[in-house]
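I have placed the structure first, in the form of structure tokens, so that the comments after it can refer back to it.
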Amino acid sequence: MSESSNSACERCQSDSVAPEHIVEHDCGHVAPSDAFTDRCVKCGREPADDTLRSVGTAAHCHACGHRTVTGLESGDPTVAEGPAPVTFPKLPSPDDHWAWVPERLLPQSGATRQVLTSILVVMVLIAGIAGAVSVTPFLEGEPEPVAVDQSWEEYDSVVIFRNDDIQPWYLSDELRAVNDVFIDEEVPVTLGIIPMVEGEAPLTDDEQTCEYLRSLEADYPGQFEMALHGYTHQPVTDFYGASEFGDLPADEQRERLAAGEEILADCVESPSSTFIPPMNTYDEDTVDALADANYTTVSGGEWFTADYYDEPGRFDEGGLLHVPENTAMENWSAYADEGAAADSGDTESAENATDVPLENLETLTDQFDASHADNDVQVVMFHYQYFTTDEDLELLESLIEHMNGEDVAFLTLEQFSLGLEEGVVEETDDGWRVLEPLSDSLEGSSTEVAADARTQSIVTDAIGAILRGVSR
């Protein structure tokens, strides 16, 4: 274990702060070097020195668990600027929430204080409801917004791109390069964002990544969907091979979901109503938790839903639209074969197994052509961290250009799901039709879903506080 440093933790001011060496395994997993003592939790292989790449250093507080980046490897533009300070407001403790009342008027009985607290909470809730009711007539009397000309556009098929594993401090240049392709081609994409990598690296600690994601929302509205991609992205059970949520107790799944939502909401402006389960697996308890939290869409893997639900394509189940990925830009079969050969001692295969190869353009265009001919919905999954060369980016560009040569509706997962629900995306006898511009058709829909969830959470917390106060 590293020795404690002399600097104090910026969050709790504890002196129990130790430096940590952050490394990246060749499978893409990033964690403190101590986490690779036995084997990599992502790919399961025993790491060797030549499979680990130094990423930088962080200061880890053993008192509160907070981490601060203290240095990144050269070549990263963040090195010159240094770590951005993170400050947190000081919240009142349960013992000082009556500090605003003069001492001579403060009840001495603890039970009396609890009753008064409950009364105040109820009064606040009533005031909020009364305020909402009182302004409704004024809102109804406001002039209608200027109408935008809309028209139905016909398409032969639908394509949805899903970019998984966005995470803090990880290959930011590659992420920007991939996103620039979608910006240049004017094609939307769903981003699957990991809020708490390995349970130790909250997304919000990397303010530069959060600022970048918010800039995408502001500069390219409707083009980048910010979707929750699990919580820690760790395989917790062996459900269908590996899963973070499948086969976990229902309460534990809800806790992970709520924790991930909170972090993502603090990082981006508009978290979507789409959930992307890590390892593409989930169970009925996951669906129940998502439905209760007002999610509209879950996107796992078609190989999984075909077996677990006996549904190979999109389907409605448990109050959600299930839209599984059915195309992968990475050649996972070749990667698994190379890994197996490497384990058997094949030196050449061991060298090739360090990178996940991409499918060739002919394979990808053939898959699209088949989906397009069937007037189907193609959900293309990929991971930005494997697009590391100009040739990789050219492959993505060429695929999109091939698709653009046909009558294709490019949508995000949320646009597709809410569009069907709102009746502005419709399946026809020979394809699809979309009421465009779609952004105007769906304006406010996702915001209302998120607002409903936040309102429900606030009311639930308030009622819980009342019950706890009365019970004590």
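Give, in nm to one decimal, the length gained when the segment between residue 63 and residue 7 is fully stretched (0.36 nm per residue of separation minus the Cα-Cα distance).
On the way: separation 56, 0.36 × 56 = 20.16 nm, distance 1.33 nm.
Here the segment from residue 63 to residue 7 would lengthen by 18.8 nm.
Accessible surface computed residue by residue for the stretch 165-213, with neighbouring protein chains in place and a 1.4 Å probe, gives 31 Å² per residue. The stretch between residue 366 and residue 49, if pulled fully straight at 0.36 nm per residue, gains 110.1 nm over its current Cα-Cα span. Among the GluC sites (Glu not before Pro) within the stretch 371-409, those in coil by DSSP and having at most 15 neighbouring Cβ atoms inside 10 Å are 406. For the modelled label position 7 Å from the Cα of residue 208 along Cα-to-Cβ, which residues of the stretch 32-66 have backbone nitrogen atoms closer than 14 Å? Only 55-58 pass the distance filter. In this structure the amide hydrogen of residue 161, modeled in the peptide plane, comes within under 5 Å of the amide hydrogens of 190, 380, 411, none closer than 5 places in sequence on its chain.
For the pair residue 183 and residue 250 in one chain, pulling the backbone fully straight at 0.36 nm per residue adds 20.2 nm over the alpha carbon distance.
Other residues whose C-beta falls under 12 angstrom from the C-beta of residue 414 contribute a net charge of -2, scoring Lys and Arg +1 and Asp and Glu -1.
The values are calculated or read from the model by the stated rules, or taken from the named source; none is laboratory data. Just so we're clear, the structure is a prediction, and the values are computed from it rather than from any experiment. Cβ atoms come from the backbone with ideal geometry, glycine included; neighbour counts cover every protein chain shown. Just the protein is used for accessible areas: all its heavy atoms, side chains included, with ligands, DNA and RNA removed. Shrake-Rupley method; radii C 1.70, N 1.55, O 1.52, S 1.80 Å.
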